[in-house]
Amino acid sequence: MDLTLPELPYAHDALQPYMSRETLEYHHDKHHQAYVTNANNLLKDSDLKGRSLEEIVVGSFGKNPGLFNNAAQHWNHNHFWKWMKPNGGGKIPGVLEKALVDSFGSVDKMKEDFIQAGVTQFGSGWHWLVVKDGKIAVMKTANGENPLVHGAKPILGNDVWEHSYYIDYRNRRPDYCKAFIENLVNWDFVAELHAAAIK
Ligand SMILES: [Fe+2]
């Protein structure tokens, strides 16, 4: 079965003023679609065809860079759209909040470390909250790389490719990373992934 582009879970203008309609039209409709199209073309000649997306991502890492980059970006963006919501940010569900305080000392410190990872990711990439060894940690990765290939379970990720913020923030990546964590994150979805990751 071919990989398919998911619908955005909200209207293209629903994340304004933090992420514009124009950004989502390019980012979802064009960039994400291109990853899906490229991955499907590369899967035609791969023995990973028909496997789950997670198996394709992990199975192609270090072996088939073209397929890996496009399939991982498909996984990353599928989650990215759900990691945001209109009127996001705000209160973090209790169990997750406690786990964040256990791991970072405070929610403010988690936010500070998360933003710092995004700001210091050199060039295109992602910054993450992951579950590894039972704790929540911050990671950053280059290009399409995903914590899954490093034995960590991503529960939140933000795209710091310029296509994600340049229309709205120009070169102000720190402002974009701050707006993401303060005003865009869907903490209920992060809490769901955290609960699954610690099972
Ligand atoms: Fe992206």
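The values are calculated or read from the model by the stated rules, or taken from the named source; none is laboratory data. Everything numeric in this text was worked out from a predicted model, so none of it was measured. Quick reminder, even Gly has a Cβ in these numbers, built from the backbone with ideal geometry, and neighbours come from all protein chains shown.
The table below lists the values:
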| item | result |
| --- | --- |
| Residue among ASP175, ASP188 that is free of Cβ contacts under 8 Å to residues at least 12 places away in the same chain, acidic (Asp, Glu), more than 14 Å from the ligand (Cβ to nearest atom) and on the phi < 0 side of the Ramachandran plot | ASP175 |
| Residues of region 114-139 classified as more than 20 Å from PHE189 (Cα to Cα) and either surrounded by 14 or more Cβ atoms within 10 Å (Cβ to Cβ) or in contact (Cβ under 8 Å) with a residue 40 or more places away in the chain (or both), total | 7 |
| Residues located in region 54-73, provided they are more than 16 Å from the ligand (Cβ to nearest atom) and at negative phi | GLU54, GLU55, ILE56, VAL58, GLY59, SER60, PHE61, LYS63, ASN64, PRO65, GLY66, LEU67 |
| Test result for LEU8, in a loop (DSSP other than H, G, I, E, B), within 16 Å of the ligand (Cβ to nearest atom), touching a His at 6+ places or on another chain (Cβ under 8 Å) and over 21 Å from LEU148 (Cα atoms) | yes |
| Pairs where the first residue, in region 148-168, is farther than 26 Å from GLY62 by Cβ and the second is outside any strand (DSSP E or B) and within 13 Å of the ligand (Cβ to nearest atom), C-beta under 6 Å, 6+ apart | TYR165/TYR176; ILE167/THR23; ASP168/THR23 |
| Of all residues in region 4-21 being out of contact with any Pro (no Cβ under 8 Å at 6 or more places or on another chain) and among the hydrophobic types (A, V, I, L, M, F, W, C), the one that is surrounded by the fewest Cβ atoms within 10 Å (Cβ to Cβ) | ALA11 |
| Options LYS135, LYS199: the member that is at pLDDT 95 or above and either more than 16 Å from the ligand (Cβ to nearest atom) or under 17 Å from ILE115 (Cα atoms) (or both) | LYS135 |
